[in-house]
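See structure below.
The values are calculated or read from the model by the stated rules, or taken from the named source; none is laboratory data. Note that the structure is predicted; figures quoted are calculated from it, not measured. Heads up, the Cβs are rebuilt from the backbone with ideal geometry, glycines too, and the neighbour counts pull from every protein chain shown. When the accessible area is computed, the model is the full protein with side chains, heavy atoms only, and any ligands, DNA or RNA have been set aside. Shrake-Rupley method; radii C 1.70, N 1.55, O 1.52, S 1.80 Å.
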Amino acid sequence: GAALAARVQDMACELIKQNQVAEASPRSESVAADAIGLEELEDLGLTIKPERGRRASAAGAASNASGSPQWKVDLHVAEENAKLASEVTRLRKELEEALSRNRHLEDLLKNTKGTMEQMQNMKSSASQSASNTQNEAMQQIKDDLAKERNEWRQRNEDLDGERDNWRAEKEALQQQLDEALAARDKALSAAEAASAQAVSEAAAQAASQAALAKAAAESAEAARAEAAKRPSSADLREKEVELQEKLGQKDAELEARLGQKEAELEARAKAESDARAALGQKDAELEARAKAENEARAALDQKESELAQKDAEIAALRRDVEQRAAEVDAKSKEVARQTATIESLQGEARKIGGDLQKQRRERDDVVNQLSELRQQHTELKQTNAQMQTTHQQAEESFKKQELALQGQIREQELEAKKLKDDLTEVQAVAKNLADCKERAELAERRLAPFQNRIEELHKAFAQEQALRKRYHNQMQEARGAIRVYARIRPRIKREAGDEVAARRVDAFSMELDSKDKRAAPKTFNFDSIFDENNSQEDVFAECRGLVSSAVDGYNVTIFAYGQTGAGKTHTMYGSPELPGLVPRVAEEIFALLAKYAHEAQAVVKCSMFELYRDDLVDLFLPKARAKNPPNLDIKKDMKGSVYVDNATSRTTGSAEELLKAIQDGQDRRHVSATKMNSDSSRSHLIAILCIESTNKKTKQVATGKLTLCDLAGSERLKKSEATGEQMKEAQSINKSLTALGDVIEALTKHAKHVPYRNHKLTALLSDSLGGNAKTLMFVNCSPVGGNVDETGAALAYAARAKLIVNKVEKNQDSQEVARLKKVVQSLSSELDQAREGAGGAPAAPPGPVGAPG
């Protein structure tokens with residue numbers, strides 16, 4: 001700052017000198033008016049010394065004495081004045097910058113002082129927080145140790161209780177073993193006593209029989225001897241004959257007794273064999289008990305080994321507890337030692353604090369003494385010397401601070417220069433950005449017409465697609481061809497990492513990748529393609545016209561086909577948040593009927609069936625009749641429309657009643673979880689809505705039938721991992737879908753025989769495939785590469801179905817014809833019931849369901 005001021009002073013002196021030279025010339029008035037005067041120098045805060053002014057006057061006089069021409073002098077003065085003016089301007093700017101830097105340095109000094117105060121405050125607060133943190137850490141360590149000690153104590157108590165339980169179990173097993181041994185000994189003794197008694201009784205009976213036989217033999221010998229001694233005469237002969245008869249009787253009696261005894265002996269022997277068998281059984285039981293005893297002993301040994309192991313574990317745990325307790329004691333001692341250290345440090349801190357206070361008081365006393373000594377400066381030389389020394393130290397400190405400030409000034413100058421360079425670069429970049437922005441704005445202005453044109457083309461293309469789709473549907477409807485819509489569901493959570501293999505190309509075509517990555521994707525064309533970007537409302541918008549056809553008296557069928565888990569039930573029924581086709585169809589039917597209520601009077605009937613494991617189930621059948629349900633027969637009327645005889649129907653008067661009836665039937669459907677689908681349908685669900693409307697003027701009766709079929713999904717058992725009942729359900733589903741494929745194959749090849757009767761599903765859909773109905777088929781697809789085979793098969797299936805052509809006819813008769821048809825149907829039903837009743841079959845309620853009249 002001082003050097004800059006001296007430089008400015010010198011420049012001012014030169015200015016004055018040249019101004020004086022210009023005033024000495026009569027032609028320099030106009031040039032001197034342009035020079036910078038003394039007032040401007042005074043504005044800069046500069047003073048001009050008289051000596052330098054006199055030297056400038058002398059220099060001016062010397063210049064006048066020279067022999068140079070006057071015009072050259074004037075020109076030179078004007079040039080010098082211009083240079084001086086620019087130099088003064090530059091110096092003024094430099095001075096202003098120096099003053100601003102000085103102010104900036106003062107601000108830095110203030111900020112530095114504030115930062116030092118903050119650091120001191122932070123240091124004091126940090127020491128206080130450190131002490132608080134250390135106390136909290138010590139308290140946390142103590143709490144953790146106490147918690148761990150309680151846990152080990154609880155574990156020891158649990159182990160003691162478990163060991164007591166093992167001991168009680170061991171005593172119970174020993175008691176059972178003793179009881180089994182006692183029972184075995186008792187059974188052995190009873191068996192030995194019974195066998196001994198049986199043997200003794202048999203021996204006694206044999207001895208008595210032998211004695212009787214011996215006595216009979218002796219009496220016979222005696223009679224013979226006596227007869228031999230007597231003379232032979234007629235009397236003797238008679239007596240001999242009598243004796244022989246008596247002997248024969250005795251022999252017969254003895255033989256009878258011997259036979260009886262032998263039978264008794266055989267019975268005894270049989271009883272003995274039974275006893276021996278019982279003994280064998282007892283021995284087997286004893287052996288089993290011995291085996292059980294051995295097993296019990298083995299179990300006891302195992303329990304004892306486990307108890308020994310538990311004792312060892314308890315001992316190890318106790319040693320671990322003791323070790324932990326020793327560690328806890330060591331940590332407690334360490335905590336006590338650290339606490340003592342902290343207390344000693346706190347005492348030292350208090351002592352240091354006292355010393356500091358004492359030093360502060362002493363410093364205050366010294367300051368007071370110094371003030372007194374300054375007052376006595378004239379009297380005390382020692383105080384003067386101390387003051388001089390202090391002054392010198394202050395000067396040295398001031399010089400150091402001046403050097404430090406000069407260094408900071410240089411650093412600030414370098415930083416300012418760097419900032420200036422950065423500012424230049426930033427300005428250049430800003431200029432480039434401004435140019436880029438201008439070019440971008442220009443490009444946007446040029447692109448705006450093209451964007452508007454693109455939007456117009458997109459709108460025109462969308463309108464053309466919608467018009468094309470409308471004309472295509474009308475053409476297909478006029479031809480009677482089955483319309484096929486493909487819908488690709490979005491990926492689910494478990495498929496997040498799989499590659500997408502099926503994708504929508506446009507409104508009518510889609511692509512399916514091949515397993516072979518080198519092969520090109522296969523393209524399929526259908527009447528409409530939906531993907532994850534299409535909502536349920538978009539899907540229904542394409543089907544809305546079929547609802548009005550049903551109200552007008554046509555037979556309409558909408559069914560969904562595809563792999564399990566592909567989204568068929570979501571498309572047909574949806575959820576409360578995202579309703580599907582069936583709820584929207586119900587609301588649309590009654591909206592149309594309400595719209596044309598002034599022209600026609602309508603009745604809506606609903607019936608629902610489930611085709612579960614090849615059995616047709618009436619979902620509206622009351623529970624009271626569920627034990628003895630009627631036979632459900634699939635029949636056709638004269639026009640070829642399919643209906644189910646003996647089925648239950650509900651008449652509904654509003655969309656709410658119809659939706660309630662459909663929900664009741666859907667709740668009775670068989671559903672279970674598989675690996676492929678957590679809510680897999682295990683049956684085909686068919687809902688038939690009959691709409692009979694009578695024109696109030698012409699009395700024409702139009703009967704429309706709307707069949708809504710949610711087919712169960714085809715599945716591979718290897719993927720779904722279905723077992724047991726689920727495997728049987730999957731086999732039945734695949735069988736029915738195979739029959740449906742055979743019908744589609746026969747229709748596309750224009751075969752003479754179409755196998756509708758091979759399955760109940762094809763019989764129900766016989767008027768929808770090759771019949772008189774307007775039919776719409778949804779083929780639902782999985783987008784991931786893991787299901788490429790199933791998706792390809794379903795799309796090929798749908799492509800074949802698209803080739804089928806139906807003969808669409810409207811079901812419309814006069815009121816009288818419709819009434820007569822109903823009478824004929826009622827009489828036919830009563831006749832069938834009468835025949836069944838005559839044959840012993842249970843009677844069924846009259847009235848077919850689904851017959852359009």
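See the values below:
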item: Check on Leu300, part of a helix (DSSP H, G or I), touching a residue at least 24 places away in the same chain (Cβ under 8 Å), under 12 Å from Trp152 (Cα atoms) and not acidic (Asp, Glu); result: no
item: Residue list for segment 700-748, filter: of a type in the set (A, V, I, L, M, F, W, C), outside any loop (DSSP other than H, G, I, E, B) and either in contact (Cβ under 8 Å) with a residue 40 or more places away in the chain or within 20 Å of Thr791 (Cβ to Cβ) (or both); result: Val701, Ala702, Leu706, Leu708, Cys709, Leu717, Ala730, Ile733, Leu737, Leu740, Ile744, Leu747
item: Hey, Lys697 basic (Lys, Arg), more than 22 Å from Arg613 (Cβ to Cβ), assigned to a loop (DSSP other than H, G, I, E, B) and without any contact (Cβ under 8 Å) to a residue 24 or more places away in the chain or not; result: no
item: Any hit, segment 701-718, residues being under 30 Å from Glu599 (Cβ atoms) and among the polar types (S, T, N, Q); result: yes
item: Residue check, Arg446 at pLDDT below 85 and either under 16 Å from Val779 (Cα atoms) or surrounded by 10 or more Cβ atoms within 10 Å (Cβ to Cβ) (or both); result: no
item: Where a residue in segment 535-552 is closer than 12 Å to Arg487 by Cβ and its partner, wherever it lies, is assigned to a loop (DSSP other than H, G, I, E, B) and not polar (S, T, N, Q), with Cβ under 7 Å and at least six apart; result: Gln536/Leu578; Gln536/Gly580
item: Residue count, segment 271-297 (criterion: more than 58 Å from the chain's Cα centre (by Cα), in contact (Cβ under 8 Å) with a residue 12 or more places away in the chain and open to solvent by 80 Å² or more (accessible area, probe 1.4 Å)); result: 2
item: Those residues of segment 497-545 which are part of a helix (DSSP H, G or I) and either polar (S, T, N, Q) or at pLDDT below 90 (or both), in sequence order; result: Gln536, Arg544, Gly545
item: Cβ-Cβ under 8 Å pairs, at least 6 apart or on other chains, segment 617-636 side in contact (Cβ under 8 Å) with a residue 40 or more places away in the chain and part of a strand (DSSP E or B), far side open to solvent by less than 80 Å² (accessible area, probe 1.4 Å) and of a type in the set (Val, Ile, Thr); result: Ile634/Val642; Ile634/Val644; Lys635/Val642; Lys635/Val644; Lys636/Val642
item: Flag if Arg669 is open to solvent by less than 30 Å² (accessible area, probe 1.4 Å) and either closer than 22 Å to Phe559 by Cβ or of a type in the set (S, T, N, Q) (or both); result: yes
item: Of residues in segment 416-443 being under 50 Å from the mean Cα position of the chain (by Cα) and open to solvent by 100 Å² or more (accessible area, probe 1.4 Å), the one farthest from Ala98 (Cα to Cα); result: Arg439
item: Subset of segment 637-652 [in contact (Cβ under 8 Å) with a residue 24 or more places away in the chain and either hydrophobic (A, V, I, L, M, F, W, C) or open to solvent by less than 60 Å² (accessible area, probe 1.4 Å) (or both)]; result: Asp637, Gly640, Ser641, Val642, Tyr643, Val644, Asp645, Asn646, Ala647, Thr648, Ser649, Thr652
item: Residues that are open to solvent by less than 50 Å² (accessible area, probe 1.4 Å), in contact (Cβ under 8 Å) with a residue 40 or more places away in the chain and part of a loop (DSSP other than H, G, I, E, B), drawn from segment 578-613; result: Gly580
item: Residues that are in a loop (DSSP other than H, G, I, E, B) and of a type outside the set (Ser, Thr, Tyr), drawn from segment 546-566; result: Gly553, Gly565, Ala566
item: Among the residues listed as Ala98, Ala130, the single one being at pLDDT below 65 and small (Gly, Ala, Ser); result: Ala130
item: Residues satisfying the stated conditions in segment 598-639, i.e. in contact with a His (Cβ under 9 Å, 6 or more places away or on another chain), of a type in the set (Phe, Trp, Tyr) and within 25 Å of Glu657 (Cα to Cα); result: Phe609
item: Scope segment 497-542; condition open to solvent by less than 70 Å² (accessible area, probe 1.4 Å) and more than 22 Å from Ala799 (Cβ to Cβ); matching residues; result: Asp498, Ser535, Gln536, Asp538, Phe540, Ala541
item: Criterion violated by Leu659 - all others in (1) open to solvent by 50 Å² or more (accessible area, probe 1.4 Å); (2) at pLDDT below 90 satisfied; result: (2)
item: Residue that is surrounded by the most Cβ atoms within 10 Å (Cβ to Cβ) [pool: residues in segment 320-369 that are in contact (Cβ under 8 Å) with a residue 12 or more places away in the chain and of a type in the set (A, V, I, L, M, F, W, C)]; result: Val328
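So that you can scan it fast, the table gives a plain yes or no per residue for (1) at pLDDT below 80; (2) at positive phi; (3) among the hydroxyl-bearing types (Ser, Thr, Tyr); (4) open to solvent by less than 20 Å² (accessible area, probe 1.4 Å):
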residue	(1), (2), (3), (4)
His684	no, no, no, yes
Leu689	no, no, no, yes
Thr703	no, no, yes, yes
Leu717	yes, no, no, no
Ala722	yes, no, no, yes
Ala730	no, no, no, yes
Ile733	no, no, no, yes
Leu747	no, no, no, no
